[in-house]
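Enquirer: Let me begin by handing over the structure; questions about it come next.
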Amino acid sequence: MAAASEPHASPFSAAELEFLAEDEMIEIVPNLRMDPLNFISGDFGPFRPQIATQVPLWLAVALKKRGKCTIRAPEWMSVDKLAQVLESERDSEKFQPLPFHYVEISRLLFDYAREDIPDIYMVRSLIEDIKDVRFHKIGTGLEIISKERTYALRLKNLSAMEANIVRPFITRALETFYKLSSSEMIQDSDHVPNRPAQPTNRGPRLLEYLLLLIFSGN
């Protein structure tokens, strides 16, 4: 209800982002023999003991809960890979590429497949450190918006959770800057004789374009 009454509320809750992340593919190793499973989203299987196969995360979790498989942690969740990402995050102003739902995927695996994740405590610590560094970068970017008249800000490689958090603030900030800019343009036009009339309905289209820049991967 709160989201419906507040137009700038975060579009998705944490649970909704987790639901979307469950469609990501992940590798499992079944311990049973089973024919292919047919779902609206596709067919998965057949399943053979000790033969790895790809399934959506939601199906992997369902099978794991029933003791029907083990889950192989994604390659990016290894200690070596995460340590490299953390070092790069600290050394660069740019956001390092990570899965769009890296936060939700790791949380689900920590909850339901902790015994399948090598060095889980180190992995969890590295992911938390990466999140902290990336949030610091986001905070720096938002300070630029709050202190300067900024018409576009590109934050490439944001994750779903990160984009979901910053989107409402950036939207409000850009709307405010546009309104202030429009007011100044109107005042300036009053002092310029015979100046052609300027269109006044570009706000929504401008904001759509700016948001496209902000959250595009280019």
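The values are calculated or read from the model by the stated rules, or taken from the named source; none is laboratory data. In this text, all values refer to a predicted model and were calculated from it rather than measured experimentally. Cβ atoms come from the backbone with ideal geometry, glycine included; neighbour counts cover every protein chain shown. Only protein heavy atoms, including side chains, enter the accessible area calculation; ligands, DNA and RNA are left aside. Shrake-Rupley method; radii C 1.70, N 1.55, O 1.52, S 1.80 Å.
Enquirer: Mind giving me the nanometre distance, one decimal, between the label points for LEU37 and TYR112, set 7 Å out from Cα along Cα→Cβ?
Expert: 0.9 nm
Enquirer: Could you sort the peptides 31-38, 55-62 by per-residue average Cβ neighbour count (10 Å cutoff), highest mean leading?
Expert: Per-residue mean Cβ counts within 10 Å order the peptides as 55-62, 31-38.
Enquirer: Right, another one. Tally Lys/Arg at +1 and Asp/Glu at -1 over every other residue whose Cβ is under 11 Å from the Cβ of ALA14; what's the total?
Expert: -2
Enquirer: How much accessible area per residue does the stretch 76-135 have, counting only protein heavy atoms and a probe of 1.4 Å, in square angstrom?
Expert: 55 Å²
Enquirer: Please report, for the Cα atoms of the stretch 35-125, the Rg to one decimal and the Dmax as a whole number; what are they, in angstrom?
Expert: 15.4, 49
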